[in-house]
Amino acid sequence: MHRLGMCAFEGRDFPTFDNAARDSAGDEVYESFTYTLEEGLPLGNLLKADYVVANDVLADYFGIEGVKGHHWRPVPVSEDSPRGGLIGSAAVAAMGSDGQRPSPVERGAWVLRKLRNDPPPPAPPNVPQLSRFEGELLSTRELENAHQEEAQCAQCHEKIDPIGFGMENLDAAGLWRELEVIKDRKQVVLATFPIDPSGEFGQDKKFENFLELRDEVAEEADAFAMGLTESLIAYGLGRPFGFTDHDLAVENSGHARESE
């Protein structure tokens with residue numbers, strides 16, 4: 001969650017993502033976990049749910065009507081809502097951006113690390129700069145695809161980027177959009193690009209949009225439970241998780257997946 005406070009969001013670009021909205025966006029993650037824990041719900045509810053845990057500030061930010069009061073509570077959402085699950089939260093979207101444009105790499109890597117328990121390797125030290133595109137108006141997908149032209153980048157980007165592309169309908173501050181709009185400092189629109197959220201989740205699981213990506217993520221609840229269990233074991237033991245802890249993790253991840 002530390003990345004949430006690292007990016008500066010300009011008020012002229014994101015007028016509704018003020019301090020109150022950002023604080024509530026961060027609290028949503030904690031409150032969602034608390035609700036799951038206290039109600040004895042399956043961990044899979046953090047991957048996909050028919051509700052979003054919200055207060056009045058967050059609901060207003062998301063455009064959800066009828067939520068009054070600053071207390072946190074589950075609010076029903078429709079099947080076609082991007083809310084309901086961590087990858088649809090404003091905090092995750094914001095942490096996967098630079099405060100201006102989304103980063104498919106950051107978002108895809110976060111899903112692999114935190115939800116799939118399958119962290120990508122660190123970036124090589126000699127990542128080439130895309131200076132040849134300086135001054136050109138390109139979509140985020142076009143810029144990221146350029147990395148795949150470099151041999152030392154292609155293997156990781158082929159795995160990470162498609163997941164991030166599936167989250168492109170969420171702008172840098174987590175609001176839904178159909179177009180990627182590039183503006184100058186005077187808010188003059190320089191270019192617009194239709195968003196293509198299709199991609200591949202793993203080697204053989206294709207998706208056409210954000211909702212299908214979320215479904216694929218939700219099907220990996222076992223991997224999510226194992227990753228969370230390993231993290232809890234590392235925290236409890238005060239040291240990194242090691243291969244000798246594997247049996248303990250397997251035993252307890254089964255309990256974590258199930259509803260009480």
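The values are calculated or read from the model by the stated rules, or taken from the named source; none is laboratory data. Given the structure is predicted, the values throughout are model-derived calculations rather than measurements. In this analysis, Cβ positions are derived from the backbone assuming ideal geometry, glycine residues included, and neighbour counts consider all displayed protein chains. For accessibility, only protein heavy atoms count, side chains too; no ligands or nucleic acids. Shrake-Rupley method; radii C 1.70, N 1.55, O 1.52, S 1.80 Å.
Odds and ends about this structure:
- Matching option when the condition is out of contact with any strand residue (DSSP E or B) (no Cβ under 6 Å at 6 or more places or on another chain), at pLDDT 95 or above and not hydrophobic (A, V, I, L, M, F, W, C), among Arg101, Arg141, Arg107: Arg107
- Within the span defined as region 54-62, every residue fails to be assigned to a loop (DSSP other than H, G, I, E, B), open to solvent by less than 70 Å² (accessible area, probe 1.4 Å) and touching a Lys or Arg at 6+ places or on another chain (Cβ under 7 Å).
- Checking Glu168 against (1) touching a residue at least 12 places away in the same chain (Cβ under 8 Å); (2) open to solvent by 50 Å² or more (accessible area, probe 1.4 Å); (3) among the acidic types (Asp, Glu), the condition it does not meet: (2)
- Scanning region 18-31 for residues that are among the polar types (S, T, N, Q) and open to solvent by less than 20 Å² (accessible area, probe 1.4 Å) gives a single hit, Ser24.
- For region 171-198, the candidate set comprises residues that are closer than 15 Å to Phe14 by Cα and charged (D, E, K, R); within that set, the residue that is most open to solvent (accessible area, probe 1.4 Å) is Arg185.
- For region 63-98, residues that are open to solvent by 30 Å² or more (accessible area, probe 1.4 Å), among the basic types (Lys, Arg) and either in contact with a His (Cβ under 8 Å, 6 or more places away or on another chain) or in a loop (DSSP other than H, G, I, E, B) (or both) total 1.
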